[in-house]
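The next block holds one structure in the form of structure tokens; read it before the comments.
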Amino acid sequence: MPLFYRWTTVILPCLVAALLAGSGCEKQSTAPKKSAPKYQPITAPLDPFAVNQRLAKSVNFGNALEAPNEGEWGLTLEARYFQLLDEAGFSGIRLPVRWSTHAQNASPYTISPAFFDRIDWAVEQALDRGMAIVINMHHYEEIFTDPPSHKERFLGMWRQIAEHYKEYPADLLFEPLNEPNTNLTSPLWNQYLAEVIAVIRESNPYRTIVIGPVDWNSYASLNKLVLPAGENNLIITFHYYNPFHFTHQGASWASGSDAWLGTTWGSAADMTTLQNELEVARNWARTNNRPLFMGEFGAFNKADMNSRKLWTEAVARQAENRAMSWGYWEFGSGFAIYNLSKNEWYLPLLKALIP
């Protein structure tokens, strides 16, 4: 490069910039900086009942980011999956995330920046399409077996997650923990949920938070929840897989499930049981003035398709009739509504969810 050209086009501008900015030329980087979120942050209190309506018809992206590493359970998220759900008429997404695999074990429990980038991508795929999205903490198995040893790590991870997403809009919701169970008993969980809500509120005073009861988010355990006094911006979630011998027949992780193969669903008695059980949840919600999100429901693919369709349609309609939002489990694996190998919907299930 000629000296005069280099002086006038490179060195002189750089010296001027250095004098103005107080930094040296050699330290300047041409790498693009990560821009601030392009969304409207939350600046005022929200109505959780209104936010819950944004989740009205949602789908879980199960078996993707909840796997130890994405792809290990057969599903890697693609932008077109979000587009398919949007075009089909779904309003929201629940994103199960195994944060614990991607965070350090020692304080401050740093979460991998690359993993954050991947979650950012998924969150923005939903938001850019005008869909609400719930990010949760899924499969943190260690806290269920030894809660006291993992409480600080649990809170530490949520402090980072909350800080990271504090500028994101109201359509992003936090769900601190999926299906508390085993040694994370109701008294402990009520303590932990109060503490994690307080941690989230440090950076997200107005974000809507999704909280579920113990016993794997059972509707029958809603009455065990003790929510912090004055904390109104909550959506309460429960999961519904009844009758379990129908919804989990042939599921490899359910002990003895091969003996349930051939179980059907659709009798008048089946419908009555469904209505009575969802009524328990509605009565609790009315008494406590809380919106309800049926965050998971689905029937495994070893059940016959007609029974799956009838059950899925009945559960969705009965939930809607009780002002509950819902999240079908799930998009593209064992409970799938979409056939990944054929790139097509399982139409009976799609029509059961979105008539």
### Task
Could you check the simple spin-label distance between Arg118 and Glu142, using points 7 Å along Cα→Cβ, in nm with one decimal?
1.8 nm
### Message
What value in Å³ per residue do you get for the convex hull of the alpha-carbon atoms in region 315-355?
### Response
64 Å³
### Query
Want the number for Asn183 to Asn339: 0.36 nm per residue separation, take away the alpha-carbon distance, what's left?
52.5 nm
### Task
Note down the net charge around Leu227, summing +1 for each Lys or Arg and -1 for each Asp or Glu among other residues with Cβ under 14 Å from its Cβ.
+1
### Task
Kindly point out which whole DSSP H helices in the chain project their C-alpha atoms 27 angstrom or further along the helix axis while averaging a Kyte-Doolittle hydropathy of -1.0 or above.
268-288
### Query
With labels modelled as points extended 7 Å from the Cα through the Cβ direction, what inter-label distance (nm, one decimal) is found for Asn321 paired with Gln191?
4.2 nm
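Antiparallel DSSP bridges in the chain: what percent, to the nearest 5?
Working: 3 of 30 bridges.
Percentage antiparallel, nearest 5: 10.
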### Query
Taking the C-alpha atoms of region 182-258, how large are the radius of gyration and the largest Cα-Cα span, Dmax, in Å?
15.6, 48
### Gain upon complete extension [Ser252, Asn232; 0.36 nm per residue less C-alpha separation]
3.2 nm
### Query
What do the square roots of 5 times the Cα gyration tensor eigenvalues come to for the chain, in whole Å, largest first, as semi-axes of the equivalent ellipsoid?
42, 24, 19
### Query
Which entries in Lys38/Lys342; Lys224/Lys351; Lys302/Lys351; Lys151/Lys224; Lys57/Lys302; Lys224/Lys302 show an alpha-carbon gap greater than 27 Å?
Lys38/Lys342; Lys224/Lys351; Lys224/Lys302
#### Entry: Stokes-Einstein diffusion coefficient of region 139-191, Kirkwood radius over Cα pairs, 25 °C, 0.890 mPa s, in µm²/s
201 µm²/s
## Note on the structure
Rounded to the nearest whole number, the per residue volume of the convex hull around the C-alpha atoms of region 114-264 in Å³ is 145 Å³
### Query
Taking neighbour Cβ counts within 10 Å as the exposure measure, how do Arg317, Arg153 sort from fewest upward?
Arg317, Arg153
### Query
How high is the FRET efficiency between Asn69 and His164 when r is their beta carbon distance and R₀ equals 22 Å, given to the nearest 0.05?
0.65
### Query
Between region 222-271 and region 55-120, what is the C-alpha centre distance in whole Å?
22 Å
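Throughout, read-outs are computed from the coordinates displayed, never taken from laboratory work. Bear in mind that the values here come from a model prediction, so they are computed numbers and not experimental data. Because the Cβ atoms are built from the backbone with ideal geometry, glycine has one as well, and the counts that use them run over all protein chains shown.
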